[in-house]
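A short worksheet on the structure shown next.
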Amino acid sequence: MSKKRKKKKVKKVIINNTKDTKETKKILDGVDLVNKDDLNKTEIKKNLNFKIEKIEEKSKINLNEHIQTVISILFTIIIFIALILLIMVLYNNYFKKEEKIECDELEVCKSYIKKDYGIKEEEVSNFIKNLRGIIYNIDNFDNKIVENTDLLNFATYFIWGSEGEYLICDHNTDSNCLVSKKEMEFPELKGYFQKYLDIKDVKIDFNSNFQEEDKTRIYQLDNKVIVSFKEFEYETLKHDIVDIRIDEDKVSIIFALSKRISGSDFYSYTGYKNLELKYNDKRFIIDNIETSLS
């Protein structure tokens, strides 16, 4: 009776923790565990580990290649967009036809174009010369804020500088008169205010409270305005024109002020005066006077 041949048991090799079961199966398929009993178990493990490492390395290489591909695509897109922008800039700057815009340049720019009123410095100098009695004697004035004191001062120098003659006072008919006087009809005086200050409705409150030491007095008698004088020496500061600035209808004149040194023909600097004029209806109007004395 023949002996029954014993079946050899096949030991199964189980591999855990592999990342790719399909690749691992391929590795196992390449090993014949039944027919190769003489293969050392250690050698089998080495071969398996080697092939698993190759798979992992291959996976890493594939990931790097994928990242590089994405970066290349992005870089290509950026270059493409940059080329489009460059073409647009070149087209707009060198090839695109400019559209003609119809507009009235004078109308658009009139707020920036300065109007030439034709004012000459000679005209300004002549105005100062003819009205020096006012300009040299009044130190501060603002045409926007006119007070009664301003009206009295201007009226005094308007009458004083007029072409009328000096008259001897008659104290029998005028007790306020000092020694001599100059007088002007009130309507004529109003004409001066309108011409040089652009004040049409002039209402002056004349002072009647006079003092014995008064050297000048201004008052109204009937329809006349009278400026009366006592004998005294009169001298104003020397006004030298430093600069005349003309800006459209506004004129600014700067004076250097000096006072004569007593007993000599020399002058010492005492300050400056700024006179602002406005050109209106072909005439100069006093707008502002500002004096600074040292």
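The values are calculated or read from the model by the stated rules, or taken from the named source; none is laboratory data. As the structure is a prediction and not an experimental result, all values here were calculated from the model. All Cβ positions, even for glycine, are placed from backbone atoms using ideal geometry, and neighbour counts span all protein chains on display. Surface areas here come from the heavy atoms of the whole protein model, side chains and all, with no ligands, DNA or RNA. Shrake-Rupley method; radii C 1.70, N 1.55, O 1.52, S 1.80 Å.
Side notes on the structure shown:
- Where a residue in region 140-169 is within 20 Å of Leu277 (Cβ to Cβ) and its partner, wherever it lies, is among the hydroxyl-bearing types (Ser, Thr, Tyr) and part of a helix (DSSP H, G or I), with Cβ under 6 Å and at least six apart: Phe158/Tyr192
- Some residue of region 232-239 being among the polar types (S, T, N, Q) and loosely packed, with under 10 Cβ neighbours inside 10 Å: no
- Considering Gly133, Gly118, the condition of being modelled with pLDDT under 95 and part of a helix (DSSP H, G or I) is satisfied by Gly133 alone.
- Residue in region 226-237 that is more than 45 Å from the chain's Cα centre (by Cα), closer than 26 Å to Asn143 by Cα and part of a strand (DSSP E or B) present: yes
- Residues of region 158-187 classified as assigned to a loop (DSSP other than H, G, I, E, B), hydrophobic (A, V, I, L, M, F, W, C) and in contact with an Asp or Glu (Cβ under 9 Å, 6 or more places away or on another chain), total: 3
- Restricting attention to region 243-294, the residues being in contact with a strand residue (DSSP E or B) (Cβ under 7 Å, 6 or more places away or on another chain) and farther than 18 Å from Glu123 by Cβ number 21.
- Annotation: of all residues in region 240-266 being among the hydroxyl-bearing types (Ser, Thr, Tyr) and surrounded by 15 or more Cβ atoms within 10 Å (Cβ to Cβ), the one that is nearest to Lys203 (Cα to Cα) is Ser252.
- The single condition among (1) in a strand (DSSP E or B); (2) farther than 29 Å from Phe255 by Cα; (3) free of Cβ contacts under 8 Å to residues at least 60 places away in the same chain that Val242 does not meet is (2).
- Which listed residue, of Ile134, Ile138, Ile159, Ile204, is among the β-branched types (Val, Ile, Thr), over 26 Å from Ser252 (Cα atoms) and in contact with a strand residue (DSSP E or B) (Cβ under 9 Å, 6 or more places away or on another chain): Ile204
- Counting the residues of region 271-292 that are touching a Leu at 6+ places or on another chain (Cβ under 7 Å) and either of a type in the set (Lys, Arg) or open to solvent by 30 Å² or more (accessible area, probe 1.4 Å) (or both) gives 3.
- Ile199 meets the conditions (1) within 30 Å of Ser175 (Cβ to Cβ); (2) not in a strand (DSSP E or B) in every case but one. The failed one is (1).
- Considering each residue of region 155-163 in turn, at least one proves to be more than 34 Å from the chain's Cα centre (by Cα), at pLDDT 95 or above and small (Gly, Ala, Ser).
- Only a single item in (1) modelled with pLDDT under 95; (2) open to solvent by 40 Å² or more (accessible area, probe 1.4 Å); (3) under 27 Å from Lys238 (Cα atoms) is not met by Asn140, and it is number (1).
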